[in-house]
Structures are given as structure tokens and as C-alpha cells.
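Q: Let me give you the structure first, and then I'll get to my questions.
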Amino acid sequence: MMFTAAAIAILVVMVLALLFAIVSRTVYDRILAVNMFGTKTVLFIAVYGFLTGRPDFMDIALVYALINFVGLIAVLRFVQTTHGGNVEDEH
């Protein structure tokens, strides 16, 4: 019961992270929101693996966390080199 509530709460936070990514003004805020979504996805995979009795989901969650981290570094490097630190959107 408690892990089901945790899974639902994680899903709600994932939706909020997506909404934050949509309404954010700067690229860095959007990157932060997508990173938060990825982190919550790792948590959700781990909780779902526990709920279904599949401990091998923890391996999948760890691999996803590593991919999320490496992807974040790559995107930040790309934004830094292409925008030169000036990443304010024109709204």
C-alpha cells in the first residue's frame, strides 16, 4: 500500500516536472526540469520493480541513471558551446 502511494506520488511529481519544463523561460531551467524527470523515472522504475517483485529492475534503474547523467553533461556542454553562456529565451 505504501509503495503504491509512493509510485503515484512520483508520477505526480513527474507531471509537475514536465509542466515546469514547458513553462520555464531559460534553457537551464528546462534542462533542470528534464533532469528532474529523469531522476524521478529512476525512482519510479525502482519502486515498480519492488511492487512487482522483480529485483532486476534495479539494474535497469541504475543504467538509466547513468544514461541520464551522461546525457545531462552532454546537453550542458552543447548549450555552453553554442550559446556561449547566454541562454535567455526571447519571449
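The values are calculated or read from the model by the stated rules, or taken from the named source; none is laboratory data. Here the structure is a predicted model, which is why all the values come from computation and not from measurement. Cβ sites come from the backbone with ideal geometry, for glycine too, and all protein chains shown count toward neighbours. Only protein heavy atoms, including side chains, enter the accessible area calculation; ligands, DNA and RNA are left aside. Shrake-Rupley method; radii C 1.70, N 1.55, O 1.52, S 1.80 Å.
Q: Using the structure shown, decide if residue 29 is among the acidic types (Asp, Glu), open to solvent by 40 Å² or more (accessible area, probe 1.4 Å) and either in contact with a His (Cβ under 8 Å, 6 or more places away or on another chain) or farther than 30 Å from residue 82 by Cα (or both). Walk me through how you get there before you give the answer.
A: Numbers: among the acidic types (Asp, Glu): yes; open to solvent by 40 Å² or more (accessible area, probe 1.4 Å): yes; either in contact with a His (Cβ under 8 Å, 6 or more places away or on another chain) or farther than 30 Å from residue 82 by Cα (or both): no.
Here the answer is no, as residue 29 does not meet what is asked.
Q: If you don't mind, there's one more thing I want to ask. Can you pull out every residue in the stretch 64-82 that is open to solvent by less than 90 Å² (accessible area, probe 1.4 Å) and of a type outside the set (A, V, I, L, M)?
A: Filtering the stretch 64-82 for residues open to solvent by less than 90 Å² (accessible area, probe 1.4 Å) gives 64-65, 68, 71-76, 79, 82.
64, 68, 71, 82, listed by residue number.
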